[in-house]
Structures are given as structure tokens and as C-alpha cells.
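The values are calculated or read from the model by the stated rules, or taken from the named source; none is laboratory data. None of these values were measured; they are calculated from a predicted model. All Cβ positions, glycine included, derive from the backbone under ideal geometry; neighbour counts span all protein chains shown. Just the protein is used for accessible areas: all its heavy atoms, side chains included, with ligands, DNA and RNA removed. Shrake-Rupley method; radii C 1.70, N 1.55, O 1.52, S 1.80 Å.
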Amino acid sequence: RDQQGPQRRQPSGSGKGTVVHELKKRHPDYFFPVSATTRPPRPGEKSGEVYDFISKEAFRQGIERDDFLEWAEVHRDHCYGTLKKPIFDALEAGRIVVREVDIQGFHSIRTVVPSELLVSIFLVVKDLEELKMRILKRGKLPEEEIERRMESARREISQAEACDYRVESIHGQIAQIVREVESIIENFIK
């Protein structure tokens with residue numbers, strides 16, 4: 001049976017990138033689609049690794065053709081989205097797809113992907129103070145950026161109940177978190 005892996009969406013600093021990185025190492029047979037974006041690459045970024053960097057015109061044409069499973073314009077500057085074709089190709093091949101998206105993307109995806117092919121996992125932290133500390137540890141950010149991320153986190157956390165599972169992201173317990181996510185995936189595909 002084709003399986004859509006977990007759709008993961010949760011606030012910045014919850015550990016989602018680390019969990020996805022560990023899943024990639026442990027499960028090379030899973031499919032981890034990249035995001036399309038109109039923002040320019042940062043130093044060291046290469047198209048096709050985490051993002052496919054495309055022009056605003058190409059992105060707009062993709063929207064018009066309904067090429068995206070989900071997409072969003074971020075801060076009125078750049079667009080980010082998940083192309084349908086690579087995901088549905090992987091599903092047709094019987095692969096598990098793991099996709100990290102925000103809550104808005106999740107709501108879009110679950111209108112397109114049948115529920116029997118979709119399991120959603122939301123990583124939660126103990127409280128907003130811990131989340132803020134994780135964000136601050138990443139480096140110096142302007143206060144308005146920190147507050148923007150915290151407000152976004154509040155909105156997303158308020159919708160966590162829409163997800164099938166909530167996994168507590170305990171600082172320093174990445175192996176335990178990954179095992180719990182793997183267990184959810186394994187139980188889903190049985």
C-alpha cells in the first residue's frame with residue numbers, strides 16, 4: 001500500500017530539522033522532498049538539496065498550473081511550496097514520504113492527500129519559554145524577528161490538536177524523539 005509519511009509542522013526551534021536529519025540518516029529508503037522557493041540561495045546552499053531555487057515567474061506559473069501541493073508567500077518577499085509530482089511519484093512507487101510543513105501547509109495537504117495515506121505529527125516543546133531559548137541559541141536575531149517567530153509558534157501550537165500525533169520534543173533527547181516518530185510511522189504503514 002502506498003504510504004504518505006508524516007506531515008510535520010511545528011514552530012521554529014521545536015527540533016523538526018534535527019528529527020528529519022536523523023530520519024534521513026536512518027531511512028535512506030524514505031523520500032524527503034525539497035521545497036521550491038523564490039528566495040536566492042544563501043552561501044553554501046545548492047539547488048536540489050533542501051530547496052529548489054526557482055524564479056518568481058516560474059513559481060507563479062506553477063501556481064497557475066496547480067503544480068503545488070501547498071505553497072505560501074512569506075513576509076511578502078518570497079514564495080515557498082511543495083511540488084505535487086515528486087510526492088505522488090514517490091507514493092505511486094510505494095515509498096514513505098516525510099515532509100516538514102507549517103500548519104497552513106498541513107491544512108492544504110490534507111485536502112489533497114487521502115487520509116488513509118497521511119499521518120501527521122506535531123513536535124511540541126514543554127513551554128514557550130523553552131522554545132524561545134532554543135530560538136535564541138541559534139544566534140543573534142533582531143527582537144522583532146524573535147517576537148514574529150514566537151507569535152507564529154503560538155498560532156501553530158493552538159492548532160496542534162488537528163494533527164494525528166503530538167510528540168514532546170525534549171531538549172537533549174533526540175534519539176528518543178526519533179524512535180517515537182519512527183514508531184508512529186511503522187504503526188501507520190502496517
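When we screen I54, I63, I96 for residues that are surrounded by 20 or more Cβ atoms within 10 Å (Cβ to Cβ) and modelled with pLDDT of 95 or more, the only hit is I96.
Against the test of being within 19 Å of the chain's Cα centre (by Cα), more than 23 Å from E92 (Cα to Cα) and basic (K, R), the options R39, R60 yield a single qualifying residue, R39.
Inspection of the stretch 10-28 finds a residue satisfying the criterion of being in a loop (DSSP other than H, G, I, E, B) and at pLDDT 90 or above. Every condition in (1) modelled with pLDDT of 90 or more; (2) at positive phi; (3) buried (at least 18 other Cβ atoms within 10 Å of the Cβ) holds for T38 except the one numbered (2).
Each row is one residue, and each column tells you yes or no for (1) modelled with pLDDT under 95; (2) over 18 Å from the mean Cα position of the chain (by Cα); (3) open to solvent by less than 40 Å² (accessible area, probe 1.4 Å); (4) within 19 Å of T18 (Cβ to Cβ).
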| site | (1), (2), (3), (4) |
| --- | --- |
| E70 | yes, no, yes, no |
| D77 | yes, yes, no, no |
| K85 | no, no, no, no |
| Q104 | yes, no, no, no |
| E116 | yes, yes, no, no |
| K126 | yes, yes, no, yes |
| L131 | yes, no, yes, yes |
| K137 | yes, yes, no, yes |
| K140 | yes, yes, no, no |
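When the residues of the stretch 160-178 are filtered to those that are closer than 16 Å to K16 by Cβ and assigned to a helix (DSSP H, G or I), the one that is most open to solvent (accessible area, probe 1.4 Å) is Q176.
Annotation note: Cβ proximity below 9 Å between a residue of the stretch 17-30 that is in contact (Cβ under 8 Å) with a residue 60 or more places away in the chain and open to solvent by less than 100 Å² (accessible area, probe 1.4 Å) and a residue that is among the charged types (D, E, K, R) and part of a loop (DSSP other than H, G, I, E, B) (sequence gap 6+ or interchain) occurs for D29/R95; Y30/R95.
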